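Chemist: My questions all concern the structure below.
The values are calculated or read from the model by the stated rules, or taken from the named source; none is laboratory data. Everything numeric here is computed off the predicted structure, so don't read it as measured data. So basically every Cβ, Gly included, is an ideal-geometry build from the backbone, and we count neighbours across all protein chains shown. Only protein heavy atoms, including side chains, enter the accessible area calculation; ligands, DNA and RNA are left aside. Shrake-Rupley method; radii C 1.70, N 1.55, O 1.52, S 1.80 Å.
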Amino acid sequence: MKHDFDTIIIGSGLAGLSVALSLPSNHRIAILSKDALINTASDKAQGGIAAVWDSQDSFERHINDTLVAGAGLCEKEAVTHIVEHSTDALQWLLSHQVDFTRNESDQQLHLTLEGGHSWRRIAHASDKTGHVITQTLQSLLGKCPNIHIFEQRTSVALLTSRENASECIGVKVLNRQSGEMETFLAPNTVLATGGTGQLFTHTTNPEIATGDGIAMAWRAGCRVANMEFIQFHPTALALPNAPTFLISEAVRGEGGVLLRPDGSRFMPSYDKRAELAPRDIVARAIESEMKKNGTSHVLLDISHKPKEQILHHFPMIHETCLSHGLDICTTPIPVAPASHYTCGGVLVNRNGQTDLKGLYCAGETAYTGLHGANRLASNSLLECIVTGRSIANSITAGLPWETPAVYEHTIHISPAPASNSQPEASHAPNKNSLRQLMTQCFGIVRNDAGMQTALSQLKSWKAQLLNNSVAKDYAFPSRSVETSRKVAHFSASNCLQDSNLNEIELNNMLDVACLMLQCGLARKESRGLHYTTDYPNKAETAKPTVLSPVFS
Ligand code: FAD
Ligand code: SIN
């Protein structure tokens, strides 16, 4: 089946919705989502959206906080662009009637605080900010006859033009309900597929977060950057038999403290900002305390705050913990770090344009330069909106295509599996083994030997996957990369089983894991979220790690 549109948006999270709702009403738009529309990281966002709103706050202050958290690696121009649009972004949400929490006294927006922010600037809807925003925006889609929604559609590969392999013309999609392969064609394709949290054993991310967009863009010829900077959220619920669930940083912003099992506080001895230091510092401190004390968690205590205040700001966290037998109003919460956010991604310019003409990218899939070596809390919802709206503007205004910046220190790598990667006699690759490997070798503290071991294992699994499955036909043009890129059509059967979805995702996860490790091995220093015992100090100059695909 073939569908034609003006713009295809792959992803129904805040990035995708921001593009869709900012395009003109006569523009024919397709929104594809791998699962149900609502199954996104955006829906799970708790803490809120950072924006300069308080009259005493300033863009300079927000910019500076972002740069400090980013440990010298943010692109200042991108930070300035995004932060200077933060007030407009929040105004845009308010204009769509998003119901944020307000002060009882004056009905102004209640602004909360999170780690790394020097001012109260996080607008939120209690602890369900993402759900309230996405529900409100999704309810508007029904009023837009130009927007067509395709749920349960897994994008499998980007299609490039027969004449020009550097031009994206659409995407090949697996319809999970019918098992049919479908072709979506459009002059504009927007990748907004979210992050990669599912590459690790414990994650706050939904199941859809398998890095599909980054893998597809890389295989189609886009550069990716800074994939070593995986943010581990310091405080995910760590109760036996309970699923990983985020305990918002706003809990610390509103006075929650981190405790050892004996009830003593430890953060002040790690950083003068204590519980509100940037996330990389808090996550490392927690991991170090867990190791020292031989425990699988530390404690986060907010029980000293008035019950009404806790229930008012954190109703979902309270209810979820209570469903596991824990009352946060009276008892400290066992917490441990969990993978949470991918700071790197597909290289874009400020209009979301990638290395492929016609291919835009926004949200967690993109590398805009905002986050540097560590994302400042609540800056990502902001980035989704600002980049999403810039993309819509670029499409509407027909802005010329400008490929993102050229970086002097770029590593050139072939996306094809190395021919010397022989499948080892080890067990067949599967998602759980990949997660265990990444958690062990690419967690909060790393070293070269571990990363090397993981990389060779992943390459061997990749070779095994391509040898043994149909993945080689639909998920990677492995036989002749050049020909497949030019032809840009699939040789695969037109009908696939849903079990193939597992292979499609595994193939993407393997590619993305290799990108992370290649970036990690290239960084000979410790900075922000990348901490390696082989190079514990920061280098004098901060440089992004840019990987460029080469097709021979
Ligand atoms: P997502 O919202 O994840 O949407 C991805 C979309 O892509 C989905 O529709 C999915 O179906 C689709 N997709 C994926 N692969 C495919 C494919 N192959 N084919 C078709 N569709 C595909 N950030 C903040 O700023 N503030 C917060 O308070 C905050 N809290 C968070 C709490 C949690 C628990 C989590 C997990 C993250 C939080 N973040 C927060 C981060 C933030 O929510 C995300 O970075 C952001 O929402 C990402 O939005 P997105 O649109 O890029 O991707
Ligand atoms: C949180 O509520 O702690 C998540 C905020 C974020 O990831 O930006």
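Chemist: How much accessible surface does residue 297 have with a 1.4 Å probe, in Å² rounded to 10?
Modeler: About 60 Å², ignoring ligands and nucleic acids.
Chemist: If you don't mind, another one. Evaluate E = 1/(1 + (r/R0)^6) for residue 273 and residue 396, where r is the Cβ-Cβ distance and R0 equals 30 Å; express this FRET efficiency to the nearest 0.05.
Modeler: The calculated FRET efficiency here is 0.10.
Chemist: Over the chain, average the accessible area per residue using a 1.4 Å probe and give it in Å², no decimals.
Modeler: For the chain, the solvent-accessible area averages 37 Å² per residue.
Chemist: If you don't mind, another one. For residue 459, which lysines qualify as cross-link partners when the Cα separation must be under 18 Å and same-chain residues fewer than eight apart are set aside?
Modeler: Those lysines meeting the cut-off are 431, 472.
Chemist: Let me ask something else about it. Among 364-377, 257-270, how do they line up from the highest to the lowest mean number of other beta-carbon atoms within 10 Å?
Modeler: So the peptides 364-377, 257-270, ranked by packing, come out 364-377, 257-270.
Chemist: Here's a follow-up. Take the eigenvalues of the Cα gyration tensor for the range 221-290, scale each by 5, and report the square roots as semi-axes in whole Å, largest first.
Modeler: After diagonalising the Cα gyration tensor, the semi-axes are 25, 17, 12 Å.
Chemist: Round to a whole number: what % of the accessible area of the chain belongs to carbon and sulfur, probe 1.4 Å?
Modeler: Answer for the chain: carbon and sulfur cover 49 percent of the accessible area.
Chemist: A further question follows. Roughly what % of DSSP beta bridges within the range 1-128 run antiparallel, to the nearest 5?
Modeler: For the range 1-128, the DSSP antiparallel bridge percentage is about 55.
Chemist: Using the Kirkwood radius built from alpha carbon pairs, what does the Stokes-Einstein equation give as D for the range 1-136 at 10 °C and 1.306 mPa s, in µm² per second?
Modeler: 96
Chemist: Another one. How compact is the range 321-399 by the rule of thumb for globular proteins, expressed as Cα Rg over 2.2 N^0.38 Å?
Modeler: Taking N as the residue count of the range 321-399, the ratio is 1.56.
Chemist: Antiparallel versus total DSSP beta bridges in the chain: what percent is that, nearest 5?
Modeler: Roughly 60 percent of the beta bridges in the chain run antiparallel, per DSSP.
Chemist: Moving to a separate point now. Helix-derived [θ] at 222 nm for the chain: sum -39500 (n - 2.57) over DSSP H runs of at least 4, divide by residue count, nearest 500?
Modeler: One gets -10000 deg cm²/dmol as the mean residue ellipticity at 222 nm.
Chemist: According to the Kirkwood expression over distinct Cα-Cα pairs, how big is the hydrodynamic radius of the chain, in Å?
Modeler: By the Kirkwood definition, the hydrodynamic radius is 23.5 Å.
Chemist: Which distance in Å, rounded to a whole number, links the C-alpha centroids of the range 1-64 and the range 156-202?
Modeler: After rounding, the separation between the Cα centres reads 18 Å.
Chemist: Across bins of 5 angstrom width beginning at 0, how are the C-alpha pair distances of the range 281-366 distributed, in whole percent?
Modeler: 3, 12, 15, 12, 11, 12, 10, 9, 9, 5, 2, 0
Chemist: So what is the orientation-averaged projected area of the range 216-351, using the convex hull of its C-alpha atoms, in nm²?
Modeler: The orientation-averaged projected area of the Cα hull of the range 216-351 comes to 10.9 nm².
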